[in-house]
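Let me begin by presenting the structure, written as structure tokens, before commenting on it.
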Amino acid sequence: MKKEIVVGARESNLALRQAEWVTERLREINPKYRYSTKGIRTLGDRYLDVALSKIGDKGLFTKELELALQHGEIDLAVHSMKDLPVVLPEGLLIGAVCRRENPSDALVARHGLKLADLPAGAIVGTSSLRRCAQLLYYRSDLKIVNLRGNINTRLRKLAEEGLDAAVLAYAGLHRLGLEKHITQLLPFELCLPAVGQGALGVEIRGKDEEVRELISGINDDQTRAAITAERALLERLEGGCQAPVGALGVAEGDHLSLEGVVAALDGSQLIRASLTGSTKEPTTLGVRLAEKLIKMGAGKLLEKVRRGVAHE
């Protein structure tokens, strides 16, 4: 039996806070282990002045953690599920998906305004192509600018750089106790979240049965079914973590509903659909919805987006 469990996470305040939350849950379940947290800087953390879509799409915030797992430097890695690519390295798996926080996007406006009340031509900061596309579909007059950095940095830039508003994930603001800055939770009808948004995933080595058994106690079956459906949709669409694809799965009992959206970067086109299925077959539901979206033109739209990003 291991004496110590080393929990890996990105070096950001939010990631370390999330890792601490997981560690506390594990300590409650099995206090016989010692637990420690190891912060690891990822590629996405090293290039904070570059748009995510220009850095690349594979494991921007996960690859270094996965290498540490494979090399035995950590026993598990805590990720925001929205950052975790749909295809994992050989030998690694998602051992647990924790109960999901509210997956909404949140508007933080300097003057306390809601999105509909922002002035014409308002400058809105976000690093997400998904948010950009859906915001522009709703309000084509907005000027979207790249806004990166940790949450506190983005909140500071909002004031220092003369932005009218920024859009961030509610879950991150909540976990850092920064909800007071929120001026509006964007309704899902307007902006579907990123695949996996609001949920924490625990990645482990597939052969590490001891750790797999340990973390099984923090897995939430309902959340896992919803996230699995969303990830299956994203994989079938061949969209990466930075693609303008939004999705939301909701599990209630054995019933699972899934809604997905694909949008043009300039907001000129938006394709949205939903399906229902069973929590016992979340992957099937995700693939079915993706194929429905593809028939509606999502595949061609995503190909156009990929060509556009590649030529920027």
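Things to note:
- Residues considered: Glu203, Glu213, Glu230. Of these, the only one that is part of a helix (DSSP H, G or I), in the same structural domain as Asp75 (by TED's automatic domain parsing), over 21 Å from Lys304 (Cα atoms) and not hydroxyl-bearing (Ser, Thr, Tyr) is Glu213.
- For the range 233-250, a tally of residues being crowded, with 24+ Cβ neighbours inside 10 Å and in a strand (DSSP E or B) returns 4.
- Any hit, the range 151-162, residues being touching a residue at least 40 places away in the same chain (Cβ under 8 Å), farther than 29 Å from Gly8 by Cα and either assigned to a strand (DSSP E or B) or not assigned by TED's automatic domain parsing to the domain that holds Asn13 (or both): yes
Okay, residues lined up against (1) aliphatic (A, V, I, L, M); (2) modelled with pLDDT of 95 or more:
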site: Asp105; (1), (2): no, yes
site: Arg110; (1), (2): no, no
site: Lys114; (1), (2): no, yes
site: Leu118; (1), (2): yes, yes
site: Ile123; (1), (2): yes, yes
site: Ser128; (1), (2): no, no
site: Arg131; (1), (2): no, yes
site: Asp141; (1), (2): no, yes
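- Unmet criterion (only one of (1) free of Cβ contacts under 8 Å to residues at least 40 places away in the same chain; (2) outside any helix (DSSP H, G or I)) for Ala166: (1)
The values are calculated or read from the model by the stated rules, or taken from the named source; none is laboratory data. Everything quoted here is computed from the prediction, not taken from an experiment. Glycine gets a Cβ as well: all are built from the backbone with ideal geometry, and neighbour counts include every protein chain shown.
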